[in-house]
1. Protein chains only, probe 1.4 Å: how do LYS226, LYS243 rank by accessible area, largest first?
2. Counting other Cβ atoms within 10 Å, keep those with at most 16, restrict to DSSP loop, and tell me which chymotrypsin sites (Phe, Trp or Tyr not before Pro) in the range 9-111 are left.
3. Among the lysines, which fall within straight-line cross-link reach of LYS102, defined as a Cα-Cα distance under 30 Å, with same-chain neighbours fewer than 8 residues apart omitted?
4. Tally up the carbon and sulfur contribution to the accessible surface of the chain as a whole percent, 1.4 Å probe, everything protein left in place.
5. Taking the Cα-to-Cβ direction at LEU44 and at ASP32 and moving 7 Å from each Cα, how far apart do the two end points lie in nm?
6. Rank these by accessible area, largest first, 1.4 Å probe: SER70, SER142.
7. Any chance you could run the full-extension gain for GLU11 through LYS243? It's 0.36 nm times the residue separation minus the Cα-Cα distance, nm to one decimal.
8. Please list 3J(HN,Hα) in residue order for the range 103-112, calculated via the Karplus relation 6.51 cos²θ - 1.76 cosθ + 1.60 where θ = phi - 60°; whole Hz, with x for glycine and proline.
Amino acid sequence: LINQLISRYGEDVVYHGGIKVFATVDPRLQNDARQALHQGLEKLDTAMGISSRDGSDLPQGAVVAIDAGSGAVKALVGGRNYYQSEFNRAMNSRRQPGSGFKPFLYYTAFKELGYHPASVMTDQPVHIRVPGARDWTPENFSRTFSGDMILKNALIHSVNSIAAQLVEKTGPESVTRTARVCGIRSPLQDVYSVALGTSGVTPFEMASAYSVFATLGTLYEPFLVKRVEDAFGQVIFEHIIQKRQVLDPATTYQVVD
């Protein structure tokens, strides 16, 4: 938040100008988010047999909570301990989203191919030719195949082989285009495996993009500052909530359902 204000007004104004800033963050939710991350990471440490004495080598995490109906950031935690590491993983750490990326694929397939949740495809071994490279042969997490299934079940159970068949039909460019209109800004590779979440994105971007599904296709740009007043109480900035319909509501509903 301070970094955003400095980029807008400069350090002198932010630190010495007497401005009053009204942020979107809810202190109660922020505290809940911090505790949830801390407890989750402690469980992970225990499961992995990691001692807290390992210090900087401990696993990290992030939490982002965005109000889907406005874009207001309600809570944001960038790591397990700010005093040990100031790096903001919520905003700046790009990690593979894995199957979290599949809703963009399924929306694209429903919209562009005319598929729907009851369309039937076959969960089977897949070999996709890639010019100038080895064939792409993704495997399911279970290492097994289940035969015919409807796409609703394929998404519910995150079946990689069917996702691979879908991206072969839509093309990876269409999938990345869907992710872009939902607010993903990180570089995305136009390769088939992008459908399985192999391009790195930030937790902040994913939270914002998922809010588009929650609103059935409406994008609200995420924001941290509601209003800024100068030392005399004059409003020098006020965020105006604006929305854009970026996805088709009926198609988005099918993905959400």
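The values are calculated or read from the model by the stated rules, or taken from the named source; none is laboratory data. Not measured: the values here are computed from a predicted model. Cβ placement follows ideal geometry from the backbone for every residue including glycine, while neighbour counts extend to all protein chains displayed. Each accessible area value is taken on the protein alone, full model and side chains, heavy atoms only, with ligands, DNA and RNA left out. Shrake-Rupley method; radii C 1.70, N 1.55, O 1.52, S 1.80 Å.
1. Working: LYS226 100, LYS243 140 Å².
Largest to smallest exposure gives the sequence LYS243, LYS226.
2. On the way: sites: TYR9, TYR15, PHE22, TYR82, TYR83, PHE87, PHE101, PHE104, TYR106, TYR107, PHE110; in loops: TYR82, TYR83, PHE87.
Taking the range 9-111 and a limit of 16 other Cβ atoms within 10 Å, the loop chymotrypsin sites (Phe, Trp or Tyr not before Pro) found are TYR82, TYR83, PHE87.
3. Candidates past the 8-residue exclusion: LYS43, LYS74, LYS111, LYS152, LYS169, LYS243.
4. On the way: 7250 of 14480 Å².
Carbon with sulfur: 50 percent of the solvent-accessible area.
5. 2.1
6. Values: SER70 15, SER142 70 Å².
Sorted descending by solvent-accessible area, the residues read SER142, SER70.
7. On the way: separation 232, 0.36 × 232 = 83.52 nm, distance 3.12 nm.
Computed gain between GLU11 and LYS243 is 80.4 nm.
8. For the range 103-112, the Karplus-derived couplings read x, 5, 5, 5, 4, 4, 5, 5, 6, 8 Hz, x marking Gly and Pro.
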